[in-house]
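Asker: One structure follows; several queries about it will come next.
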Amino acid sequence: NMVQSVVGTGHSQYNGDVPIQTTLVGTTYQMLDSTRGSGGQFGGMAITNANHASTSNPTPGVIYTNSTNVWGDGQNYINGGSTTNANGQTAAVNALWGLQNTYDTMNNVLGWKSLDGNNTATYIAVHVGTAYDNAFYTDTCKCMYIGDGSSFYSLGSIDVIGHEMGHGVTAATSNLTYRGESGGLNESASDINGEAVEAYARNGGTGAVVNAGNDWMMGKEISKTGTPLRWMYKPSKDGSSLDAWTTSLKRLDPHYSSGPNNRMFYFLAMGSNATTTSDYYSKYLTQSPKNMTGIGIDKAYRIWFKANTTKLTSGSTYADARAAVIAAAQELYGVGSREAKAATRAYAAINVGA
Ligand code: ASN
Ligand code: ZN
């Protein structure tokens, strides 16, 4: 059989028609991308159908195949109340496009290959569980599982995929322990990755992370109510996350103790005076730190990534994160640089250092 890597079209659920890299084997197309990553369970980046396997220790199932290189119908198969198309391809389109953009963000912007930096191939299995309202990363397979949702729409939005795969980067590098202050930093590292991938994808995948309309919210698209999972610019909007560091932060669930570091990243990238047509931001622009100028998400992402992958360790605290981020900014942009000063101010704004 002739095997070729080809570009097809996916009718995605959240992003319109998207290009996806697939493989033609004889006359059958497969959701296997051998241009992004090697080895792994499937010999390349793959999307499989978990076909409602139990969420505890699930098996990935088989790679999606099709007779043409046009995939999905752009509809939400699961959440219309119908289960007849419960194994539909649209969730797989979301997953492959999201995973390809996750790979490209790290590779094209940072030169970091796949999750471990060694180009080990990853995969995503969709349709895990029944009406399952979560998505999760598993390090043993360097893979991610996506549920179809019940309270949520199918959980494969681009920021959620970037978030989950971000857990793989952290696991391969700093390995921040998932409790206490390090747990919050671990979750924040994933939220930052999710938002950077979203920004990269919305910019058309041109090799930079440009703030081109990423929303600074996690999981907005999968929400049925319009309420996202988390707000990076004002984490306390969720009713549980902190906006600034306190001594009790370490006792919170990592999804809430992530808040201050998420907010630090927002301030570092966007400053405190960002103007936008979106009313999501406008209410929060006048509070501390006033008149802080951001350095843009591209530089902020490079700084955070360098800190997480080369300076943080499993037991790192918020104070350690401050030191690591400032050091990374100094190494990338110079001691006394605008970027290093912005990093210092962004941590001061969340009550870490001065
Ligand atoms: N989706 C969640 C996360 O990645 C799963 C979890 O609660 N660990 O944070
Ligand atoms: Zn997470």
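Asker: Can you tell me which of (1) away from ligand 2 (no atom under 16 Å from the Cβ); (2) out of contact with any helix residue (DSSP H, G or I) (no Cβ under 7 Å at 6 or more places or on another chain); (3) under 24 Å from PHE42 (Cα atoms) is the one SER150 doesn't meet?
Answerer: (3)
Asker: Moving on to the next point. Answer yes if at least one residue in region 127-137 is touching a helix residue (DSSP H, G or I) at 6+ places or on another chain (Cβ under 9 Å), small (Gly, Ala, Ser), within 12 Å of ligand 1 (Cβ to nearest atom) and at pLDDT 95 or above, and no otherwise. Steps first, please.
Answerer: Residues of region 127-137 that are touching a helix residue (DSSP H, G or I) at 6+ places or on another chain (Cβ under 9 Å), as a first pass: 127, 135-137.
From what's left, small (Gly, Ala, Ser): 135.
Adding the requirement that they be within 12 Å of ligand 1 (Cβ to nearest atom) leaves 135.
Within this subset, residues satisfying the condition of being at pLDDT 95 or above are 135.
Yes: region 127-137 contains one or more residues that are touching a helix residue (DSSP H, G or I) at 6+ places or on another chain (Cβ under 9 Å), small (Gly, Ala, Ser), within 12 Å of ligand 1 (Cβ to nearest atom) and at pLDDT 95 or above.
Asker: Is it the case that LYS237 is closer than 23 Å to SER151 by Cα, loosely packed, with under 15 Cβ neighbours inside 10 Å and more than 16 Å from the chain's Cα centre (by Cα)? Give the steps one after another, and end with the answer.
Answerer: Numbers: closer than 23 Å to SER151 by Cα: yes; loosely packed, with under 15 Cβ neighbours inside 10 Å: no; more than 16 Å from the chain's Cα centre (by Cα): yes.
When the stated conditions are applied, LYS237 does not pass them.
Asker: Which one is modelled with the highest pLDDT, of the residues in region 193-215 that are among the β-branched types (Val, Ile, Thr) and farther than 22 Å from TYR145 by Cβ?
Answerer: To start, the set of residues in region 193-215 that are among the β-branched types (Val, Ile, Thr) comprises 197, 206, 209-210.
When the remaining residues are screened for being farther than 22 Å from TYR145 by Cβ, the result is 206, 209-210.
Values: THR206: 68, VAL209: 78, VAL210: 73.
My answer is VAL209.
Conditions (1) crowded, with 24+ Cβ neighbours inside 10 Å; (2) away from ligand 1 (no atom under 13 Å from the Cβ); (3) under 15 Å from the mean Cα position of the chain (by Cα), marked per residue:
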| site | (1), (2), (3) |
| --- | --- |
| GLY147 | yes, no, no |
| SER154 | yes, yes, no |
| ASP159 | yes, no, yes |
| GLY162 | yes, no, yes |
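Asker: Sticking with this structure for a sec: Return the pairs, sorted by first residue and then second, in which the second residue is in a helix (DSSP H, G or I) and of a type in the set (Val, Ile, Thr), the first residue lies in region 247-263 and is within 22 Å of ILE297 (Cβ to Cβ) and modelled with pLDDT of 95 or more, the beta carbons are less than 9 Å apart, and the residues are 6+ apart or on different chains.
Answerer: ASN261/ILE192; ASN262/ILE192
Asker: Restricting the search to region 170-181, which residues are buried (at least 22 other Cβ atoms within 10 Å of the Cβ) and either among the acidic types (Asp, Glu) or more than 13 Å from ligand 1 (Cβ to nearest atom) (or both)? It would help to see each step written out before you state the result.
Answerer: So the first thing to find is which residues in region 170-181 are buried (at least 22 other Cβ atoms within 10 Å of the Cβ), and the list is 170, 174, 176, 181.
Correct list: SER174, GLU181.
Asker: From (1) surrounded by fewer than 23 Cβ atoms within 10 Å (Cβ to Cβ); (2) assigned to a strand (DSSP E or B); (3) away from ligand 1 (no atom under 15 Å from the Cβ), pick out the condition that doesn't hold for ASN118.
Answerer: Answer for ASN118: the failing condition is (2).
Asker: Spot the failing condition for GLN287; the list is (1) under 22 Å from the mean Cα position of the chain (by Cα); (2) at pLDDT below 80, and only one is missed.
Answerer: (1)
Asker: Looking for whichever is free of Cβ contacts under 8 Å to residues at least 24 places away in the same chain, farther than 22 Å from TYR266 by Cα and more than 14 Å from ligand 2 (Cβ to nearest atom) here; the options are ASN203, ASN107, ASN175, ASN118. Which one fits? So that I can check it myself, show each step before the final result.
Answerer: On the way: ASN203 fails: farther than 22 Å from TYR266 by Cα; ASN107 fails: free of Cβ contacts under 8 Å to residues at least 24 places away in the same chain; ASN175 fails: free of Cβ contacts under 8 Å to residues at least 24 places away in the same chain.
After applying the criteria, what remains is ASN118.
Asker: Can I ask one more? Kindly provide the set of residues from region 182-202 that are surrounded by fewer than 24 Cβ atoms within 10 Å (Cβ to Cβ) and more than 13 Å from ligand 1 (Cβ to nearest atom), ordered by number.
Answerer: If the condition is that a residue be surrounded by fewer than 24 Cβ atoms within 10 Å (Cβ to Cβ) and more than 13 Å from ligand 1 (Cβ to nearest atom), then ARG202 is the only one that fits.
The values are calculated or read from the model by the stated rules, or taken from the named source; none is laboratory data. All values derive from a computational prediction rather than experimental measurement. Virtual Cβ from ideal backbone geometry, glycine too; neighbours counted across all protein chains shown.
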